[in-house]
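Written below as C-alpha cells is the structure these notes are about.
The values are calculated or read from the model by the stated rules, or taken from the named source; none is laboratory data. Computed from a predicted structure; not experimentally measured. Here the Cβ positions follow ideal geometry from the backbone for every residue, glycine too, while neighbour counts run over all protein chains shown. In case anyone asks, the SASA skips ligands and DNA or RNA and just uses the protein heavy atoms, side chains included. Shrake-Rupley method; radii C 1.70, N 1.55, O 1.52, S 1.80 Å.
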Amino acid sequence: MNELDQYYRELGLEPGASLEEVNQAYKDLAFIWHPDRIPKDNARLVSKAQDKLKQINEARDRLRSNPGKPNPSDRPSSEYQTRKSSAGYTYSNPDHSSDRTNAHSEGQWRSHKPHNPDLTGADLRGQNLREKDLSGRNLSHANLSQADLSDGFLHKINLSGANLQGANLFRANLLQANLTYANLQNVNLIGADLSGADLTGADLRGAKMGTKDRLFVKLIGTKLTGAIMPDGRIHE
C-alpha cells in the first residue's frame, strides 16, 4: 500500500476517492474527534482525540495537495509551522499586514497554520470559503458580507464586530464562537451549530434560522443577551 492509499484509509475511504469525498470524510471525522467534545477530566480520551485529529488533518492535507499520486517532496514552506492543528486553512502571507487585510482570492489560503493567524479587519467580501477550517482564528471586525462559509469548521473563531451581512453559514460549525456585536443580518444559519457561542449584541434581523414552527439551528448554551432577533425583537 503506497503513502496516499494509507491516507485514504485514514479517512475511511477507498483509494482514489474524489476530493469531495475527502472533504466530507474529514469534516465528519473532525466533528467526531475534536478534543473539545471530550470531557476535560478524561485525559486519556483527550490525548487520543488530539492524536486522531492530527492524523486526519495530515491525511486531508496530503490528499488535497497531491490528488492521485504521492509526492514525498511536498513539504510546507519555512514560513509555516509544521505543527498540525484543527485549523487547516489560513492566510498565506503572515508577515505582510497589508496583504492580511486584502485577501481577495482563495489562492491566498494555505493548508498550514502560520505564526500569526490574526486576520483582524480582513476584507473577505463575497469570498468562497466553503468547507474551510478557520477554527480559533481572529477575524474580529472583518468584512465577510456575502461570503460563502457553508459547511465551515469555525470552532472558537473570533468574529466579534464582524460584518457577515448576507453570508452563507449553512451547516457551519460555530461551537463556542465569539460573535458579539456581529452584523448577522440576512445570514443563512440553517443547519448551523452555535452551541456555546456568544452572540451578545449581535444583529440577526432577517437571518434564516428555520421555519415558523421549527428551528433548524443548534443554540445549546448560546448567549443571546441583547441580540436583535430575526423578527426584530431584542433578546433579554
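Just give me the residues in segment 194-233 being charged (D, E, K, R), in a loop (DSSP other than H, G, I, E, B) and surrounded by 15 or more Cβ atoms within 10 Å (Cβ to Cβ), in sequence order.
Just the residues of segment 194-233 that are charged (D, E, K, R), to begin with: 198, 203, 205, 208, 212-214, 218, 223, 231, 233.
Filter once more, so that each one left must be in a loop (DSSP other than H, G, I, E, B): 205, 212-214, 231, 233.
The one that is charged (D, E, K, R), in a loop (DSSP other than H, G, I, E, B) and surrounded by 15 or more Cβ atoms within 10 Å (Cβ to Cβ): Arg205.
Scan (1) under 17 Å from the mean Cα position of the chain (by Cα); (2) modelled with pLDDT under 95; (3) part of a loop (DSSP other than H, G, I, E, B) for the single condition Gly121 breaks and write down its number.
(1)
Looking at Glu14, Glu3, Glu21, which one is under 22 Å from Ser135 (Cα atoms), out of contact with any Gly (no Cβ under 7 Å at 6 or more places or on another chain) and not β-branched (Val, Ile, Thr)?
Checking each option against the conditions leaves just Glu21.
Exactly one condition in (1) open to solvent by less than 20 Å² (accessible area, probe 1.4 Å); (2) modelled with pLDDT of 90 or more is false for Asp133; which is it?
Only one criterion is unmet by Asp133, namely (2).
Only one of (1) open to solvent by 10 Å² or more (accessible area, probe 1.4 Å); (2) of a type outside the set (Asp, Glu); (3) at pLDDT below 50 fails for Ser145. Which number is that?
Unmet for Ser145, out of (1) open to solvent by 10 Å² or more (accessible area, probe 1.4 Å); (2) of a type outside the set (Asp, Glu); (3) at pLDDT below 50: (3).
Quick one: count up the residues across segment 16-43 that are over 25 Å from Ala172 (Cβ atoms) and either of a type in the set (D, E, K, R) or touching a residue at least 12 places away in the same chain (Cβ under 8 Å) (or both). Break it down stepwise before answering.
Filtering segment 16-43 down to residues over 25 Å from Ala172 (Cβ atoms) leaves 16, 41-43.
Next, only the ones that are either of a type in the set (D, E, K, R) or touching a residue at least 12 places away in the same chain (Cβ under 8 Å) (or both) stay: 16, 41.
Residues in segment 16-43 being over 25 Å from Ala172 (Cβ atoms) and either of a type in the set (D, E, K, R) or touching a residue at least 12 places away in the same chain (Cβ under 8 Å) (or both): 2 in total.
Tell me, which helices (runs of 4 or more DSSP H) lie completely within segment 1-71 with 1 or more residues that are of a type in the set (Lys, Arg) and open to solvent by less than 60 Å² (accessible area, probe 1.4 Å)?
19-33, 43-65
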